[in-house]
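Visitor: Can you keep this structure in mind? I'll have questions shortly.
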């Protein structure tokens with residue numbers, strides 16, 4: 001695993017914008033071609049194996065939490081439990097998730113967290129970095145079959161979806177009225193359309209509730225049979241329509257059981273169930289348990305908010321609005337340092353299998369919403 | 001390892017089309033897909049002609065931007081070939097492609113909105 005400096009394409013801004021990535025630059029560049037990461041085939045295979053292994057273990061954690069009713073430790077409210085158990089038993093579609101891994105190319109990848117409910121950076125990892133590879137290193141390879149696997153997955157579930165359109169099932173894709181979230185939802189919708197599904201986008205605020213029919217519907221009052229929502233479950237259940245989720249017949253993607261996996265509380269439960277596992281870091285609820293170097297993470301947080309990194313040399317805290325539900329303590333991960341740049345591997349699950357990786361690099365320990373996305377290749 | 005290498009291009013139509021119509025501000029895309037009148041299964045010649053010319057169509061009173069890369073005849077021939085091969089067509093009323101389509105339920109709707117999105121709206125993004 002190497003970080004290699006590179007000359008960006010002269011017209012990279014217009015190239016990535018033409019493919020939908022219009023948020024490539026914030027206060028600093030987000031999409032960055034100044035450098036890329038080069039892996040060996042063995043390293044890519046290691047990442048793929050670790051991702052599949054961790055996904056399997058995480059599913060065991062979901063079963064365990066449900067069986068042992070450990071919801072209180074995760075601060076999941078009682079009224080959400082029927083949603084979780086029903087979705088786990090009914091097995092509605094589960095399209096995607098992203099593990100964040102610490103990996104140095106030598107020692108086993110370590111799981112930092114599992115963004116299983118509302119992962120973003122999808123267009124970048126699936127399309128933009130692939131375009132970069134074709135333009136800059138057409139002879140090299142990339143761990144990236146995300147687009148194909150998404151289309152394949154939608155196709156595989158078409159027969160199971162309720163249909164209410166003239167051409168069969170319509171899948172609605174809802175997100176905040178925000179550029180990045182909206183385009184991510186649009187990209188997913190495009191993969192579904194390529195599989196043959198009818199798709200519609202809408203804003204979360206446009207979701208309607210018909211009290212007579214006891215159904216959710218869109219802006220045109222079309223019933224929502226299948227709803228992909230780029231919106232976290234822990235917010236959905238606390239909003240005014242939250243109670244309707246138990247009544248409406250809408251199939252929601254990602255399913256409610258993802259509420260368990262997107263909660264940092266799975267980290268100590270994973271460590272408790274699989275102590276010493278090579279892809280896990282020691283993690284505990286409530287206190288560091290004697291660890292000298294650790295990261296304190298809110299049970300529920302997004303984009304690295306309210307994370308505290310405690311090392312022998314420094315104590316760094318990120319800001320945010322999270323943490324009211326409590327924290328977990330995870331041993332500090334061996335994230336490599338490439339001249340001050342610290343990469344975290346985002347390893348994607350599509351359906352039930354590993355499908356590709358993206359690299360986000362930061363100047364510090366915490367990967368936040370301003371961390372750069374760097375492309376990768378392997379030979 | 002599962003297959004990694006793939007085709008040399010990822011075909012996208014919808015996302016670039018949306019990117020072309022949305023700015024760099026906070027507002028996200030509002031349009032996606034109604035029922036395309038040029039699809040052989042619901043082909044509507046008049047609506048398809050207009051849709052190709054305008055690069056989009058009204059469906060149920062809502063405008064849907066759509067990229068038609070080929071001339072009208074291409075879609076018409078696609079429809080003809082589909083019918084010749086035994087495909088069935090479920091024609092929608094032309095009115096549904098009208099800009100002023102009001103819909104059969106207009107005025108009777110009891111639907112309430114705004115029950116989702118408030119927490120995310122105050123925080124600005126919902127991805128992770």
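Visitor: Enter the mean number of other protein chain beta carbons within 10 Å of the beta carbon of each residue in A:205-212, as an integer.
Guide: 6
Visitor: Mind checking A:237-250 for the average number of partner chain beta-carbons within 10 Å of each residue's beta-carbon?
Guide: 2
Visitor: How far apart, in nanometres, would the label points at residue A:18 and residue B:63 be if each is projected 7 angstrom from Cα along the Cα-to-Cβ direction?
Guide: Between residue A:18 and residue B:63, the label points sit 2.5 nm apart.
Visitor: If you average the sequence gap of Cα pairs under 8 Å that are 6 or more apart and divide by the length of the stretch A:264-360, what percent do you get for the contact order?
Guide: On the way: 171 pairs, mean separation 23.9, N = 97.
Value for the stretch A:264-360: 25 percent.
Visitor: Mind running the shape call on the stretch A:147-242? Use the C-alpha gyration tensor, a ≥ b ≥ c as the square roots of the eigenvalues: rounded below 1.5 for a/c, prolate if a/b tops b/c, oblate otherwise.
Guide: Oblate is the answer for the stretch A:147-242, as a/c is 1.5 or above yet b/c matches or exceeds a/b.
Visitor: Pull out the extension gain between residue A:324 and residue A:10, defined as 0.36 nm times the separation in residues minus the alpha carbon to alpha carbon distance; nm, one decimal.
Guide: Residue separation times 0.36 nm, minus the Cα-Cα distance, leaves 108.4 nm.
Visitor: Within 10 Å of each Cβ in B:41-48, how many Cβ atoms from other chains are there, averaged over the peptide?
Guide: 1
Visitor: Right, something else. What number, in percent, do you get for the relative contact order of the stretch A:96-251 if the mean sequence gap of Cα pairs under 8 Å and at least 6 apart is divided by its residue count?
Guide: 19
Visitor: Suppose R0 equals 22 Å; then what is the FRET efficiency for residue A:45 and residue A:277 from their Cβ-Cβ distance, rounded to the nearest 0.05?
Guide: 0.75
Visitor: Separation between the residue B:89 and residue A:135 pseudo-spin-labels, each 7 Å from Cα along Cα→Cβ, expressed in nm?
Guide: In this crude label model, residue B:89 to residue A:135 measures out at 4.2 nm.
Visitor: Please identify, among A:62, A:95, A:15, the residue showing maximal mean-square fluctuation in a Gaussian network model of chain A using a 10 angstrom Cα cutoff.
Guide: Of the options given, A:15 has the highest mean-square fluctuation.
Visitor: Now a separate question. Assuming a ≥ b ≥ c are the square roots of the Cα gyration tensor eigenvalues, decide whether the stretch A:265-342 counts as rounded (a/c under 1.5), prolate (otherwise, with a/b larger than b/c) or oblate.
Guide: Values: a/c = 1.62, a/b = 1.08, b/c = 1.50.
Because a/c hits 1.5 or more and a/b fails to exceed b/c, the stretch A:265-342 counts as oblate.
Visitor: Would you mind ranking A:214, A:219 so that the residue whose beta carbon has the fewest other beta carbons within 10 Å leads the list? Don't skip to the end; give the middle numbers.
Guide: Working: A:214 11, A:219 17.
Lowest to highest Cβ neighbour count: A:214, A:219.
Visitor: Let me ask something additional. In terms of the Cα gyration tensor, with a ≥ b ≥ c the square roots of its eigenvalues, is the stretch A:1-51 rounded because a/c is under 1.5, prolate because a/b exceeds b/c, or oblate?
Guide: Verdict is prolate for the stretch A:1-51.
Visitor: If I take R0 = 22 Å and measure r between the Cβ atoms of residue A:338 and residue A:106 in this structure, what FRET efficiency does the formula 1/(1 + (r/R0)^6) give, to the nearest 0.05? Each step should come with its number before you reach the end.
Guide: Values: r = 14 Å, r/R0 = 0.62.
FRET efficiency, residue A:338 to residue A:106: 0.95.
Visitor: Could you please state, rounded to a whole Å, how far the C-alpha centre of the stretch A:128-175 is from the C-alpha centre of the stretch A:297-366?
Guide: 27
Visitor: Would you kindly state how much longer the chain becomes between residue A:152 and residue A:316 on full extension, computed as 0.36 nm times their sequence separation minus their alpha carbon distance, in nm to one decimal?
Guide: Taking 0.36 nm per residue and subtracting the Cα distance, the gain is 54.8 nm.
Visitor: Right, something else. Which value results for Rg/Rh of the protein assembly as shown when Rg is the Cα radius of gyration and Rh the Kirkwood radius based on the inverse mean 1/r?
Guide: Reported Rg/Rh (Cα atoms, Kirkwood Rh): 0.97.
Values quoted throughout were computed directly from the atomic coordinates according to the rules given, and no laboratory measurement underlies them. All of these numbers come straight from a predicted model, not from anything done at the bench. Heads up, the Cβs are rebuilt from the backbone with ideal geometry, glycines too, and the neighbour counts pull from every protein chain shown.
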